[in-house]
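Trainee: There's a structure below that I have some questions on.
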Amino acid sequence: MKNYFNFNLTGQKLFPFWIMLLVFFMAPYFLLIYKMKEITTGDPKSAFILIPAFFILFFIAIVLSYFIEKISIEGIEYKNKSLVFEGKFGQYIGIVLLGGFLSMITLGIYSPWFIKSIQKFFIDNSTYDSNNPEFRGTGGNLFVILLLTLFLPIIIISAVLGIFTFINHTQLSGLYKVIYQIFIFIIMIPYIYYVYKWCIDIKFKKYTIQWETKFWESCGKILVEVFLSIITIGIYSPLASLRLYKYFAEKTIATSEDGSKNFGYDIEPQSDFLFIWGQSLLALITLGIYYPWAFCKVRSRILSKTYTQDIKTEE
């Protein structure tokens, strides 16, 4: 038997937070980006204004992110029971300020542990039926993932091309730049796979929820969907996201001593694709005003077709 999720957050409830994000973060942010041109034109005083302004905008963004994430979590429903978010705002601010400071002074090395703290804060404080899940991913594992699948490959590829240009005393041609972009695209596939696999490591009551996936098969699936999105100039991307969501939902298994459950998604390729594009276009032509309703309707459609079911064991 399939047990479906639901999403009951409305655009009307999300709208005030979205407007505050537009007015107090996005608009000033783009204005500051424009003003940065003054620094390059010989106005050093602008730097003393822009740097504090960016910190203020960063603080505004994290404050609004907390409230948007909170109501989004509480909008999730399963078996007619909604999640309740119990995370305290003061605790969240402490995690963000400390994590941001440590990441800055360590030149980004602390970032994986910072990301882990944020992930754990939102998951561990999301209560369902008086039970709290526990996120089990570690900052150390994420550091290794980022190091081996992202930073080292990029450093090696950049070093090889840098040595090539130094030896030949010439700038990279268009062909080599294309080759560089292809390599970056290829190494992003295992990066995406391992990061998302790291994110799905949760203990809830007697269940351990993890991906049960095969590396090459999963990376091949990601590669195909991303490639189709690129060659269609993004037109295919909503369907690519849904196909990947369905694929990995079915690979997400909740195991316990008493049995196992798997997740799934009842995809309707054509109607889902058109629905998402329709909502996206409405948000676009209204200059983002409609976005809260689009966000809620798309998430509601997806979650209402996402389910769990018991895995039958062969006797």
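The values are calculated or read from the model by the stated rules, or taken from the named source; none is laboratory data. These numbers come from a predicted model, not from an experiment. Backbone-built Cβ (ideal geometry, glycine too); neighbour counts: all protein chains shown. These accessible areas exclude ligands, DNA and RNA; they are computed on the full protein's heavy atoms, side chains included. Shrake-Rupley method; radii C 1.70, N 1.55, O 1.52, S 1.80 Å.
Trainee: Stretch GLN270-ILE109 to full length: gain in nm at 0.36 nm per residue minus the Cα-Cα span?
Mentor: 53.6 nm
Trainee: Specify which labelled value, from (i) 43; (ii) 58; (iii) 68, agrees with percent of Cα pairs over 27 Å apart derived from the coordinates of the model shown.
Mentor: The listed entry that was calculated here is (ii).
Trainee: For the range 52-174, with every protein chain kept in place, what is the accessible area per residue (1.4 Å probe, Å²)? Walk me through the intermediate numbers first.
Mentor: Numbers: 6900 Å² over 123 residues.
Averaged over the residues of the range 52-174, the accessible area is 56 Å².
Trainee: Taking only C-alpha pairs under 8 Å that are 6+ residues apart, what is the relative contact order of the chain in percent? Don't skip to the end; give the middle numbers.
Mentor: On the way: 361 pairs, mean separation 67.1, N = 315.
The value is 21 percent.
Trainee: Still on this structure, please answer the following. Starting at the first residue of the range 75-84, write each ³J(HN,Hα) from the Karplus equation 6.51 cos²θ - 1.76 cosθ + 1.60 with θ = phi - 60°, in whole Hz, x for Gly and Pro.
Mentor: x, 7, 10, 9, 6, 6, 10, 8, 6, 10
Trainee: Under 5 Å between amide hydrogens, which residues at least 5 positions from THR127 or on another chain qualify, with H placed 1.01 Å from N in the peptide plane?
Mentor: Under 5 Å from the amide H of THR127 lie the amide H atoms of VAL84, PHE85, GLU86, each far enough along the sequence or on another chain.
Trainee: To the nearest 20 Debye, how big is the dipole of the chain about its Cα centre, given +1 on the beta carbon of each Lys and Arg and -1 on that of each Asp and Glu?
Mentor: Dipole about the Cα centre, nearest 20: 380 debye.
Trainee: Could you size up the charge dipole of the range 169-315 around its Cα centre, putting +1 on the beta carbon of Lys and Arg and -1 on that of Asp and Glu, and report it in debye to the nearest 20?
Mentor: 440
Trainee: Taking all protein chains as present, what is the carbon and sulfur share of the accessible area of the chain, in % to the nearest whole number, probe 1.4 Å?
Mentor: Here it works out to 69 percent.
Trainee: With unit charges on the beta carbon (Lys/Arg positive, Asp/Glu negative), name the residue among PHE295, THR127, PHE185 whose Cα is farthest towards the positive pole of the charge dipole of the chain.
Mentor: The listed residue farthest towards the positive side: PHE295.
Trainee: Write down the radius of gyration of the range 181-249 and its Dmax, each obtained from C-alpha positions, in Å.
Mentor: For the range 181-249, the Cα-based Rg and Dmax read 13.6, 45 Å.
Trainee: Per residue, how much accessible area does the range 203-300 have with a 1.4 Å probe, in Å²?
Mentor: Per-residue accessible area for the range 203-300 comes out at 56 Å².
Trainee: When 1/r is averaged over all different Cα pairs and the result inverted, which Kirkwood radius in Å belongs to the range 235-311?
Mentor: Values: mean 1/r = 0.0729 Å⁻¹.
13.7 Å is the Kirkwood radius here.
Trainee: Out of residues 5 or more away from GLY264 or on other chains, whose amide H comes under 5 Å of its own, with H placed 1.01 Å from N in the peptide plane?
Mentor: TYR307
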